[in-house]
Every structure is written in structure tokens, then in C-alpha cells.
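Notes to accompany the following structure.
What follows is calculated from the coordinates using simple rules that are stated; it is not laboratory data. Only a predicted model underlies this, so the values are computations on that prediction, with no experimental measurement involved. Here Cβ is always computed from backbone atoms with ideal geometry, including for glycine, and neighbour counts include all displayed protein chains.
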Amino acid sequence: MRSRIPRRWRGVADWILTIGIAIGFVLAFEAEVAKPYRIPSSSMEPTLHCAKPGDFCEGHFNDRVIANRLAYRFGNPSRGQIVVFKAPALASRCGEGDGGSTFVKRLIGLPGDRVSERAGHVYVNGKQLHEPYVDATMRDGMTQSWPRVAPGHYFFMGDDRAHSCDSRTWGTVPRSSLIGPVVLTYWPPSRITWR
């Protein structure tokens, strides 16, 4: 049986269908598997850059990262991961400059941990945390401790401790708010890094 669509229109229809399927695949992939985010503040310097002339920013472009949205469906968050998460309501204390409703921070405290800071160094359950990602000039001089991390919650801090608004200010984050760990820095090209 011959098609009633003229030959040249069949080619156009094939292209439209192919492009539509490709766009649908990309949108589904972004929604369910990997989603890009940008770094809007200096809270993760020097690991992840924000753009100058922002306060305390080191980069000329905001780093862009991809978070694996499936990771926590099949595994548990682990200390030291850089995680994208929905900020708790109290994060509004941070103001506009720290990224709005989605934050990117480093996971420091797991459920049941006791997190404290002495003279700018972090301790988890009484043991000093080895943090090669924190630049000595970006430590604050704080001495403080926080309540034990509740079951199903996590304690986050930025790598730029002196300029990060994090769990020290607004408390812990429930697991249901975790979007996923950062797996790739992809922009600018000079900063491409798999994590």
C-alpha cells in the first residue's frame, strides 16, 4: 500500500519525529538521571568556583556541575561527597547570594554523628576530619558543637568555611531533600573533573 504523504513531506516528518524523540529523551534523562547545576556563591571555593566580581569568588565563570539523581536510590550518601540538595526553610537566613533553593555543599555528618568545630578544624565523633579540600586561608576560627545528627538527616558544610552559610547556620538536611552527588564538573572546559 502506498503512503498518501508526498515523498518530500515524509522526509520532513521523519526529521520532526526524530528530533522530538531526541528532545524527549534528553528531558527525561535530565529529570530522572543527571541534572546540571551552577555554582552561584563562593561557599565551595576553591573546589568549585563562582564568577568574579562576586564576593570571594576565584573564577571568571561559574562552574557547572552534574548531579547523579539515581545514586541515592541504590546507595547511601557518604562523608566527603559534594551533594546537591533542596535547601531547608531556615536557609533563607543566607540571603540571595548563596544559591536560592538548591545548594551544593560537602557532606560532613552522617546520621548519628556528632559534629564540632575547634579553632576552624572539624571533628566528627571526637576525631579530627582530614580535609585536604579546605584551603587554610578559608578556614574560620570558630569553636562550636552541634546536636547529634538525627536519623535520616545529614550535616553539610561549604569548603570555604569562612564564607559558607551551611548546616552550622540552618541545621541538618533530611535524606528526602538530597538530589544527588556531584559526578562531573563540565564548565568551563578547563575545569572538567570527574568525581
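Quick notes on this structure:
- From most to least packed by mean Cβ count within 10 Å, the peptides 47-56, 72-81 give 47-56, 72-81.
- Calculated diffusion of segment 35-194, Stokes-Einstein form, Kirkwood radius summed over Cα pairs, 10 °C and 1.306 mPa s, µm²/s: 101 µm²/s
- If you take all other residues with their beta carbon under 14 Å from the beta carbon of V124, and give Lys and Arg +1 and Asp and Glu -1, the sum is +4.
- Extending 7 Å from the Cα toward the beta-carbon at both S92 and E58 defines two label points whose distance is 3.4 nm.
- Close amide H contacts of G59 (hydrogens built in the peptide plane, cut-off under 5 Å, sequence separation of 5 or more or a different chain): C50, K52.
- In nm, spacing of pseudo-spin labels at W9 and R114 (7 Å Cα→C-beta vector): 7.7 nm
- Each residue of segment 170-177 is assigned a 3J(HN,Hα), and the resulting list reads 10, x, 7, 10, x, 4, 4, 8 Hz, derived from the Karplus form 6.51 cos²θ - 1.76 cosθ + 1.60 (θ = phi - 60°), x at Gly and Pro.
- Y123 long-range amide H proximity, modeled H, under 5 Å: S116, E117, R118, L129
- With θ taken as phi - 60° and the Karplus curve 6.51 cos²θ - 1.76 cosθ + 1.60 applied, the whole-hertz 3J(HN,Hα) list for segment 70-84 is 8, 3, 7, 7, 10, x, 9, x, 10, 4, x, 5, 8, 10, 9 Hz, x standing for glycine and proline.
- Whole-angstrom gap from segment 34-103 to segment 120-158, using each part's C-alpha centre: 17 Å
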